[in-house]
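Participant: Encoded as structure tokens, here's the structure I'll be asking about.
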Amino acid sequence: MSYLLPHLRTGYAVDQAILSEEDRVVVIRFGHDWDPVCMQMDEILAGTAEQMKNFAVTYLVDISQVPDFNTMYELYDPCTIMFFFRNKHIMIDLGTGNNNKINWAMNNKQEFIDIVETVYRGARKGRGLVVSPKDYSTKYRY
């Protein structure tokens, strides 16, 4: 499903995507197109992109093609989702302890839309950390 979403192929393109978007949340999936976990997440992202077009824009970044952000954002997981709003990284408290990113593949489109909507509402109010609508603290409940 990654072919349905725009790819950012350079560090400059990633920076410009984050900088240029004024009114919407920028959702970036860092990972590899061939990774099974990313494939599952890409399906969710592609399926929700049309529904979220008014308040979010989604991009994909291959971490081997664009290694510029690997150490800065600690991109060691196979699939990582990060949120930005007006050139600011928006953190989200999912109950997992890692508030910087989502580092697993979700399997429910509506859950993901709810998370992005929560990020958007919190970011519009000037918050740098928002609380997820669902608690993901127990490993096998999500």
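Rule-based calculations on the coordinates, nothing more; no lab input. Everything numeric in this text was worked out from a predicted model, so none of it was measured. Backbone-built Cβ (ideal geometry, glycine too); neighbour counts: all protein chains shown.
Participant: Evaluate the charge dipole of the chain about its Cα centre and quote only its size in Debye, nearest 20, assuming +1 on the Cβ of each Lys and Arg and -1 on the Cβ of each Asp and Glu.
Facilitator: 500 debye
Participant: Give the residue list of GluC sites (Glu not before Pro) in the range 59-142 that are DSSP loop and have at most 16 other beta-carbon atoms within 10 angstrom.
Facilitator: Qualifying residues, ordered by number: 74.
Participant: Further question: Mean-square fluctuation check for the chain, GNM, Cα pairs under 10 Å: which of 101, 125, 88 is largest?
Facilitator: Judging by the Gaussian network model, the answer is 125.
Participant: Could you give each residue of the range 70-82 its phi-based ³J(HN,Hα) in whole Hz, using Karplus coefficients 6.51, -1.76, 1.60 with θ = phi - 60°, and x for Gly or Pro?
Facilitator: 4, 7, 4, 9, 6, 8, 9, 7, x, 9, 9, 10, 10
Participant: (1) 33, 33, 30; (2) 51, 46, 24; (3) 93, 43, 27: which one is Cα extents along the principal axes in Å as calculated from this entry?
Facilitator: Computing Cα extents along the principal axes in Å and matching it to (1) 33, 33, 30; (2) 51, 46, 24; (3) 93, 43, 27 gives (1).
Participant: In what sequence, highest mean first, do 40-46, 92-98, 18-24 appear when ranked by Cβ atoms within 10 angstrom?
Facilitator: Details: 40-46: 20.6, 92-98: 15.9, 18-24: 13.7.
Ranking, from highest mean packing down: 40-46, 92-98, 18-24.
Participant: Let me ask something additional. Less than 18 Å from a label point 7 Å out along the Cα-to-Cβ axis of residue 65: which backbone N atoms in the range 30-52 qualify, by residue?
Facilitator: Label zone hits: 30-43, 45-46.
Participant: Explain nothing, just compute: Karplus ³J(HN,Hα) = 6.51 cos²θ - 1.76 cosθ + 1.60, θ = phi - 60°, for every residue of the range 27-41 in order, whole Hz, x for Gly and Pro.
Facilitator: 9, 10, 9, 8, x, 10, 5, 8, 6, x, 5, 5, 4, 5, 5
Participant: Chymotrypsin sites (Phe, Trp or Tyr not before Pro) within the range 1-96: which are DSSP loop residues with at most 11 other Cβ atoms inside 10 Å?
Facilitator: Here the chymotrypsin sites (Phe, Trp or Tyr not before Pro) that fit, given the DSSP loop and packing criteria, are 34, 76.
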